[in-house]
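Bear in mind that the values in this text are calculations on the coordinates, not laboratory data. Predicted model only: the values in this text are computed from it and were never measured. In this analysis, Cβ positions are derived from the backbone assuming ideal geometry, glycine residues included, and neighbour counts consider all displayed protein chains.
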């Protein structure tokens, strides 16, 4: 299983990241920092097919459950807020109405995310330990 040490993201977009590994379950922990300031933004802690995301105050903000190629994300109150579907090296995100909201593609150590119109909204670089 691949470990992610640091995830650098655009300071304009805060992403709730899931592990983009080929493993059957999530990586144990992902830590997120702002690209320009280096400020700690939060973490994702996983166990098996479930991952919980916490903000920088330590409060759980979401829970994701993976079943096959689909990951459903729930709010703190348990309401489904979206899902992602993995196809090859890309992941498409959908809102709770089933409308596609983004397409994320991994090429090597770089993950790019584009919105539904194809505009680049985030670029993530994975640094391996």
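Data for the structure
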quantity: Cα-based shape type of region 23-120, given that a ≥ b ≥ c are square roots of the gyration tensor eigenvalues and the cut on a/c is 1.5; calculated: rounded
quantity: Euclidean distance of C-alpha centroids, region 84-129 and region 58-77, integer Å; calculated: 17
quantity: Virtual spin-label span in nm between residue 87 and residue 40, 7 Å along Cα→Cβ; calculated: 3.9
